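Enquirer: Below you'll find the structure I mean.
What follows is calculated from the coordinates using simple rules that are stated; it is not laboratory data. Keep in mind the model is a prediction, meaning the values are calculated, not measured. As a convention, Cβ positions derive from the backbone with ideal geometry for all residues, glycine included, and neighbour counts pool all protein chains shown.
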Amino acid sequence: MRDKSKKIFVAGHKGLVGSAIVKVCKDNGYSNILTRTREELNLTNASAVEEFFKKERPQYVFIAAAKVGGIHANSTYPVQFLLDNLKIECNLIESSAKYEAEKVLFLGSSCIYPRLAPQPLKEEYLLTGLLEPTNEAYAISKIAGIKLCRAYYRQYGKNFISVMPCNLYGPNDNYHPTESHVLPALIRRFHFAKLNNDKEVVVWGTGKPLREFLYSLDCAEACLFLMENCDASEIGEFINIGSGREYPIASLVEYVKKTVGYQGNIVFDHTKPDGTPRKVMDISRITALGWRPKFSLEDGLALAYEDFLKKM
Ligand SMILES: NC(=O)c1ccc[n+]([C@@H]2O[C@H](COP(=O)([O-])OP(=O)(O)OC[C@H]3O[C@@H](n4cnc5c(N)ncnc54)[C@H](OP(=O)(O)O)[C@@H]3O)[C@@H](O)[C@H]2O)c1
């Protein structure tokens, strides 16, 4: 993807990852970036997606559109999580092949790995054990997307690749009170605790579990790096993207408290579940290819909080 005038379609450009990919592409001099809102093009609609590809013929396709949600949404609406995500990825991947896109990058997530996989998570652990039941529908749909990209490579030589990022955060994150991921949820809670002068913020669990976080623009840089430099023959089935840095939830919470400027106390509710003790990606394959993250957690959090304040 060296020719900066080639047509790039970023599916899901309003989301956390898609908006970061658009920014990073523009910052790197790509000028021909196609985007469509859900109202303009519902990606679950096969004939509409095909019409769009037939007309526009994008040469590079980033698939950052997905039905995304927390544990509650995942376990309450498994039908929608399976159907929407399967339709979105099948429509985009099939049309990319039919209308001869030169390269496709499909985004999955670390929930594709077995619940009890050894840590750090290596790419080869895919399908070596049972999935986490609370987000099984989402994980199955993402595994299907990886396999479809790989099948197109094996059967037709298509340069379709997949990436698995760790937990992400950054501008355009979802700050919904019940549907957001851990970091945006903490930003929101500390922000309102500060405004309300609350004496304490209660955090579920012991604070001991270890988690990995990556700033969304770092993830987007990694996606662009792979689009530009690494083909399906080199990448294999998929490749992890992460920061390689893991934090106990307790220190993550301290970072958020400091970023937001909250003065009260943090109380850990030990009666509530901790979840898995450690979840971290093995990023040795992508770092061996030459990519490194740039943002520290402190800098990324400051930028994410700035964005949160703009949207309040
Ligand atoms: N967030 C994370 O921590 C994380 C971590 C690892 C991997 N990922 C992966 O990265 C990808 C993107 O995640 P994200 O966090 O950026 O999600 P997001 O913020 O929810 O963005 C998803 C985007 O997809 C669009 N979309 C969903 N269904 C659509 C449809 N039927 N037609 C058209 N557009 C549709 C949404 O449009 P609307 O704006 O209209 O809703 C939104 O712009 C996902 O595959 C996810 O698994 C995310």
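Enquirer: What nm value, rounded to one decimal, do you get for the distance between E179 and N265 when each label is placed 7 Å out toward the C-beta?
Expert: In this crude label model, E179 to N265 measures out at 3.6 nm.
Enquirer: So, R0 is 22 Å and r is the distance between the beta-carbons of L309 and K272; what FRET efficiency does that work out to, to 0.05? Intermediate results must be reported in sequence, preceding the final value.
Expert: Details: r = 29 Å, r/R0 = 1.30.
Calculated value: 0.15.
Enquirer: Under a Cβ-only charge scheme (Lys and Arg +1, Asp and Glu -1), can you give me the dipole magnitude of region 82-125 about the Cα centre, in debye to the nearest 20?
Expert: Details: 5 positive and 7 negative charges, 33 e Å.
Dipole magnitude for region 82-125 comes out near 160 debye.
Enquirer: Okay, moving on. Cα atoms only: what Rg and Dmax, in Å, come out for region 172-312?
Expert: Both quantities, over Cα of region 172-312: 17.0, 56 Å.
Enquirer: What is the Cα convex hull volume of region 89-158 when expressed per residue in Å³? Could the numbers behind the result be given before it?
Expert: Values: hull volume 6.3 nm³, N = 70.
Cα-based convex hull of region 89-158, divided per residue, equals 90 Å³.
Enquirer: Using the alpha carbon gyration tensor of the chain, what are the three equivalent-ellipsoid semi-axes (square root of 5 times each eigenvalue), largest first, in whole Å?
Expert: Numbers: eigenvalues 215, 88, 71 Å².
Values for the chain, descending: 33, 21, 19 Å.
Enquirer: When every alpha-carbon pair in region 201-245 is counted, what percent end up more than 12 Å apart?
Expert: 71 percent
Enquirer: ³J(HN,Hα) across region 296-312 via Karplus (A = 6.51, B = -1.76, C = 1.60, θ = phi - 60°), whole Hz, x for Gly/Pro?
Expert: Whole-Hz 3J(HN,Hα) from phi for region 296-312: 6, 4, 4, 5, x, 5, 4, 5, 5, 5, 4, 5, 4, 4, 4, 8, 6.
Enquirer: When the helices in the chain are scored as -39500 (n - 2.57) per DSSP H run of 4 or longer and the sum is shared across all residues, what 222 nm value do you end up with, to the nearest 500 deg cm²/dmol?
Expert: Details: 11 runs with 136 residues, N = 312.
So the helix-based figure for the chain works out to -13500 deg cm²/dmol.
Enquirer: To continue, here is another question. Please express the Cα-Cα pair-distance distribution P(r) of region 1-158 as a list of whole percents, one per 10 Å bin, running from 0 to the bin with the greatest distance.
Expert: 10, 37, 36, 15, 1
Enquirer: Can you work out the PRE-style zone for E228? Point 7 Å along Cα to Cβ, and I want the residues of region 273-312 with backbone N under 17 Å.
Expert: The answer is 286-295.
Enquirer: Taking amide hydrogens as modeled 1.01 Å from N in the peptide plane, which residues meet the under 5 Å criterion relative to V202, leaving out close sequence neighbours?
Expert: So V202 has HN proximity to V267.
Enquirer: Cα axis of helix 46-56 to longest principal axis of the chain: angle in degrees, 0 to 90, nearest 10?
Expert: 70 degrees
Enquirer: For region 223-274 and region 1-73, what is the centre-to-centre distance using only Cα atoms, to the nearest Å?
Expert: One Cα centre to the other: 24 Å.
Enquirer: Follow-up question, since we're still on this one. Across 5 Å bins from 0, what is the distribution of all Cα-Cα pair distances for region 21-60, in whole percents?
Expert: 5, 20, 25, 22, 16, 9, 2
Enquirer: Using per-residue counts of other Cβ atoms within 10 Å, averaged over each peptide, order 192-200, 273-281 from highest down. Could the numbers behind the result be given before it?
Expert: Values: 192-200: 13.0, 273-281: 16.1.
Top to bottom by mean Cβ count within 10 Å: 273-281, 192-200.
Enquirer: Then there is this: Pulled fully out, how much extra length does the chain show between V79 and N28, if you take 0.36 nm times their separation in residues and subtract their Cα-Cα distance?
Expert: Values: separation 51, 0.36 × 51 = 18.36 nm, distance 3.88 nm.
Taking V79 through N28 to full extension adds about 14.5 nm, to one decimal.
Enquirer: For region 196-312, give the magnitude of the charge dipole about the Cα centre (Cβ charges: +1 Lys/Arg, -1 Asp/Glu; no others), in debye to the nearest 20. Before the final figure, lay out the partial values.
Expert: Numbers: 14 positive and 18 negative charges, 88 e Å.
Using only the charged Cβ atoms, the result is roughly 420 debye.
Enquirer: Quote the relative contact order of region 230-312 in percent (integer), defining contacts as alpha-carbon pairs under 8 Å separated by 6+ residues.
Expert: Numbers: 30 pairs, mean separation 41.3, N = 83.
This gives 50 percent for region 230-312.
Enquirer: Find the relative contact order for the chain and round it to a whole percent, using C-alpha pairs within less than 8 Å whose residues are 6+ positions apart. Kindly include the intermediate steps, with their values, before the conclusion.
Expert: Numbers: 571 pairs, mean separation 61.1, N = 312.
Over the chain, the number comes to 20 percent.
Enquirer: I'd like to compare 151-158, 105-112: which one has the highest average count of other Cβ atoms within 10 Å, and what's the full order after that? Walk me through the intermediate numbers first.
Expert: On the way: 151-158: 13.9, 105-112: 23.2.
Taking the mean over residues of other Cβ atoms within 10 Å, the ranking is 105-112, 151-158.
Enquirer: If amide hydrogens are placed 1.01 Å from N in the peptide plane, which non-local residues have theirs closer than 5 Å to the one on I241?
Expert: Under 5 Å from the amide H of I241 lie the amide H atoms of M164, C166, each far enough along the sequence or on another chain.
Enquirer: Could you check what % of the DSSP bridge pairs in region 162-312 are antiparallel, to the nearest 5?
Expert: On the way: 3 of 16 bridges.
Around 20 percent of the beta bridges assigned by DSSP in region 162-312 are antiparallel ones.
Enquirer: Which one of Q59, G12, N42 is farthest out on the positive end of the charge dipole of region 5-70, using unit charges on Cβ (Lys, Arg +1; Asp, Glu -1) and the Cα centre as origin?
Expert: Of Q59, G12, N42, it is Q59.
Enquirer: Once R0 is set to 51 Å, what does the formula 1/(1 + (r/R0)^6) return for the Cβ-Cβ distance between R38 and N197, expressed as a FRET efficiency to the nearest 0.05? Spell out each step's value before the answer.
Expert: Details: r = 39 Å, r/R0 = 0.77.
Efficiency for this residue pair is about 0.85.
Enquirer: Here is a further query. For R115 and S284, FRET efficiency with R0 = 22 Å and r from the beta-carbon atoms, rounded to 0.05? Can you show the working numbers first?
Expert: Numbers: r = 22 Å, r/R0 = 1.02.
Once rounded, the FRET efficiency stands at 0.45.
Enquirer: Output ³J(HN,Hα) for region 273-280: one whole-Hz value per residue in order, computed from phi by the Karplus curve 6.51 cos²θ - 1.76 cosθ + 1.60 with θ = phi - 60°, and x for Gly and Pro.
Expert: Ordered by residue, 3J(HN,Hα) equals x, 8, x, 5, x, 8, 9, 8 Hz.
Enquirer: Nearest-5 percent of antiparallel DSSP beta bridges in the chain?
Expert: If I count the DSSP bridges inside the chain, around 10 percent turn out antiparallel.
Enquirer: Starting from the Cα of Q155, step 7 Å along the direction of its Cβ; do the same at L127; then give the gap between the two resulting points in nm.
Expert: It works out to 1.5 nm between the two label points.
Enquirer: Give a residue-ordered list of calculated ³J(HN,Hα) values for region 172-187 (Karplus: 6.51 cos²θ - 1.76 cosθ + 1.60, θ = phi - 60°; whole Hz; x for Gly, Pro).
Expert: 6, 6, 9, 9, 4, x, 10, 10, 8, 6, 4, 5, x, 5, 5, 4
Enquirer: I would also like to ask the following. Could you give the size of the charge dipole of the chain about its Cα centre, using +1 on the Cβ of each K and R and -1 on the Cβ of each D and E, expressed in debye and rounded to the nearest 20? Walk me through the intermediate numbers first.
Expert: Details: 40 positive and 36 negative charges, 48 e Å.
Roughly 240 debye for the chain.
Enquirer: Could you grab the relative contact order for region 42-194? Cα pairs under 8 Å, six or more apart, rounded to a whole percent. Intermediate values should be presented prior to the final figure.
Expert: Details: 204 pairs, mean separation 39.4, N = 153.
Once divided by the residue count of region 42-194, the mean separation gives 26 percent.
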